[in-house]
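This report refers to the structure that appears directly beneath it.
The values are calculated or read from the model by the stated rules, or taken from the named source; none is laboratory data. Keep in mind it's a predicted model, so treat the numbers as computed, not measured. For neighbour counting, all protein chains shown are included, and Cβ atoms are generated from backbone atoms with ideal geometry for every residue, glycine included. For the accessible areas, the whole protein counts, side chains as well, though only heavy atoms, and no ligand, DNA or RNA atoms are used. Shrake-Rupley method; radii C 1.70, N 1.55, O 1.52, S 1.80 Å.
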Number of protein chains: 2
Amino acid sequence: MSVNYNSMKKNKIINPFKPAKHKHQDCLQAAIKAAKQHCDVLGLRLTPLRQRVLELVWQSHEPVKAYGILDELKQGHSSSAPPTVYRALDFLQEQGLVHKIESLNAYVGCGDPKEHHSSQFFICHDCGSVAELDDADISGLIQKKASHFGFKIDNEMVEIKGHCQECRDSRK
Amino acid sequence: MSVNYNSMKKNKIINPFKPAKHKHQDCLQAAIKAAKQHCDVLGLRLTPLRQRVLELVWQSHEPVKAYGILDELKQGHSSSAPPTVYRALDFLQEQGLVHKIESLNAYVGCGDPKEHHSSQFFICHDCGSVAELDDADISGLIQKKASHFGFKIDNEMVEIKGHCQECRDSRK
DNA sequence: AACAATAATGTTACATTATAACATTACATA
DNA sequence: TATGTAATGTTATAATGTAACATTATTGTT
């Protein structure tokens, strides 16, 4: 019996649900640090503007709207306009530092920019928080199913809505 | 060894990729017929406006934009405005006759309104066509993974972009 | 240091997608 | 036929996103 080594990919928890009370300052700092390092290594410029937008995206684990970012950005940077935000978000998305949640038209930070990975998002209807997986089983199964009808995948979007453990517990 | 009968759900192809040349009139007619029957059974009103919007969504297997529908609707129904279209789409979506592709802000017809089902959409970047599965394996795996961290799913959005068999063949 | 080329940001305008709110008309049924 | 409800009409505006061109900052080269 053979083992398919190609399929021996890891299932990762990119970003788990965090307790309502956690030291979020640490999440933010870790994200900025990772972003700086990522850009450093690749010779990319995490300009003050881009960093500020990234910080605003990371103000919580809830997806943030572009125009929400714009409102906050304006407070310290009066020349901001929609393109200011969308360009920064484009850059951050290209670098895997931010993902767009298509079903919400909103953006979340990603703590693992180093490598391209699959993403599965779980969005809690109660607290609004998002968890992100890079689950090779899910991604692999979808690819397998696609291959059955000759479909070659470029990009997978998986956005799951429901209720996280903590919110379910607190409703009892 | 036990068998989990709960998981014995069927994997369905709700809407496969169709050959570029197929008798699309048949798809359209079947969809309208199914919609009429669906509404009949439930005592819902598939008004001329709603039926017309459904027909416009079914003009092809490519997702259609709301304002595209509006433009076409106006040609035979000059009083149409955005709410005209969005209301009809809301009704059709509630009945499972139409799905929204979130990543495209566009709408596709569904040939299987009878029961609520999971949906996995496969969108070809070349021809623009969409295929829809109701795959219990994918849906089940996602639910299983979610249960590992206590997440209770309300709704799954799976939208896969890539290249369909026919388009891949014709590019060789 | 001066220059040119490129990247990033500023600025204005507008395109696209969607909804709120209230008026009117059509339909179901008592 | 009256009456309540559902559907549609109508106007206005909110929310999301992009095009196009000007200006400024940065990088790499003489």
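Remarks
- Contact-buried residues of segment B:119-143, at a threshold of 50 Å² lost accessible area versus the chain by itself: B:Phe122, B:Ile138, B:Leu141, B:Ile142 (1.4 Å probe; DNA, RNA and ligands ignored).
- Between B:Ile13, B:Ile123, B:Ile142, the residue with the greatest mean-square fluctuation in the GNM of chain B (Cα pairs under 10 Å linked by springs) is B:Ile142.
- Shape box of the protein assembly as shown [Cα atoms, principal axes, largest first, Å]: 61, 58, 56
- With 25 Å as the limit, the listed pairs A:Lys12/A:Lys144; A:Lys10/B:Lys144; A:Lys9/A:Lys36; B:Lys18/B:Lys152 have A:Lys9/A:Lys36; B:Lys18/B:Lys152 beyond it between alpha carbons.
- Whole-number D in µm²/s for segment A:1-86 (Stokes-Einstein; Kirkwood sum over Cα pairs; 10 °C, 1.306 mPa s): 102 µm²/s
- Residue-count net charge about A:Glu72 - beta-carbon cut-off 10 Å; Lys, Arg +1, Asp, Glu -1: 0
- Protein accessible area in the protein assembly as shown, 1.4 Å probe - carbon and sulfur %: 49 percent
- The alpha-carbon atoms of segment A:58-120 define a convex hull whose volume equals 90 cubic angstrom per residue.
- Local charge for B:Ala34 was computed over the other residues whose Cβ lies under 9 Å away, with Lys and Arg +1 and Asp and Glu -1, and equals +2.
- Computed over the alpha-carbon pairs of segment B:117-172, the distance histogram in 5 Å steps reads 4, 18, 22, 18, 13, 11, 8, 4, 2, 0 percent, short to long.
- Across the identical copies, how the A:Lys152 labels are spaced - nm, sorted shortest first, 7 Å along Cα→Cβ: 4.4
- Remark: segment A:105-111, residue by residue, has Karplus-estimated 3J(HN,Hα) of 6, 8, 10, 10, x, 10, x Hz, where x stands for each Gly or Pro and the curve is 6.51 cos²θ - 1.76 cosθ + 1.60 at θ = phi - 60°.
- Residue order for A:Asp135, A:Asp90 - accessible surface, 1.4 angstrom probe, largest first: A:Asp90, A:Asp135
- Computed over the alpha-carbon pairs of chain A, the distance histogram in 10 Å steps reads 9, 33, 34, 17, 5, 1, 0 percent, short to long.
- Hits among aspartates and glutamates - C-alpha to C-alpha of A:Lys33 under 12 Å, sequence gap 8 or more where chains match: A:Glu55, A:Asp112
- Across A:Arg50, A:Arg171, B:Arg52, the residue with the most accessible area heads the list, and the full order at a 1.4 Å probe is A:Arg171, B:Arg52, A:Arg50.
- Euclidean distance of C-alpha centroids, segment A:51-94 and segment A:100-161, integer Å: 22 Å
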